[in-house]
Amino acid sequence: MIRAFLALTPPPETAQTLAELAERIGEGRPVPAANMHLTLAFLGDRRPAELEELALDLDGRALPAFDLRIEGLGAFGPPARPRSVHALARPDPALRRLRAAARSAAAAIGAPLAQERFVPHLTLARFSASRPAGPGLARFLAQSAGLRLPPFRVAAFSLMRSTLSAAGARYDEMARFALSPPAHVGEALGEDEG
């Protein structure tokens, strides 16, 4: 069995900026730049044949590339004991379509996703009973509340393997799915060039 998920990854410079931001929290377990991602669908433990079927399904879909904007911060869990803190991705119709395609492909292999509100985000740090959030997190959230990073082009997304260990998670790309360049306005309207 392979623990897998579908995700998009930011370019290296954005991942590095987010990792540096995570280090500034000073609490919990910061996410390293190499692990920065936005989860589209967590698939759980799947057989290799299921993941091959999912890859074939997603490879045949025509989904448009789009620009993603990172704006603001959030946390999951109760305010007094959050489980994680994250950078928020601004909602976008193309991102919602990509998420819907991921949900559809997951359901097709028998891995339907829970009906929960999709909060597009990139986790910065995680907290646990042994490493809970303290007053440093509140300071960080207050100081960084206006976070806005330059937008970046999302031209692909990936099927990822997650390997858990005492040292933390390691993510490896198993397959990459290119997104289509947006159509030229004239082409989209069926106009001839020239």
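The values are calculated or read from the model by the stated rules, or taken from the named source; none is laboratory data. Quick caveat, the model's predicted, so the values are computed rather than measured. Counting neighbours? That spans all protein chains shown, and the Cβs are built from the backbone with ideal geometry, glycine included. Accessible surface areas use protein heavy atoms only, side chains included; no ligands, DNA or RNA. Shrake-Rupley method; radii C 1.70, N 1.55, O 1.52, S 1.80 Å.
Structure notes:
- Between helix 12-25 and the chain: long-axis angle, C-alpha atoms, 0 to 90°, nearest 10: 20 degrees
- Overall shape: oblate for segment 40-103, with the ratio a/c of the largest to smallest alpha carbon gyration tensor axis at 1.5 or above and b/c at least equal to a/b.
- Set against the 2.2 N^0.38 Å expectation for a compact globular protein, segment 53-194 has a Cα radius of gyration ratio of 1.30.
- Gaussian network model of the chain, Cα within-10 Å springs - most flexible of 80, 19, 41: 80
- Computed per residue of the chain from DSSP H runs no shorter than four, each worth -39500 (n - 2.57), the mean residue ellipticity at 222 nm is -9000 deg cm²/dmol.
- Along segment 50-58 the Karplus relation, 6.51 cos²θ - 1.76 cosθ + 1.60 evaluated at θ = phi - 60°, assigns HN-Hα couplings of 5, 5, 5, 4, 4, 4, 5, 4, 5 Hz to successive residues, with x for each Gly and Pro.
- 0 to 90° range, to nearest 10: angle between helix 135-144 axis and the chain longest Cα axis: 40 degrees
- Computed with every protein chain present, the accessible area of residue 109 is close to 20 Å² [probe 1.4 Å].
- Segment 98-150 and segment 31-81: distance between their alpha carbon centers, rounded to Å: 10 Å
- Of the GluC sites (Glu not before Pro) found in segment 22-120, those in coil by DSSP whose Cβ has at most 13 other Cβ atoms within 10 Å are 116.
- Residue-normalised accessible area of segment 90-138, expressed per residue, 1.4 Å probe, Å²: 52 Å²
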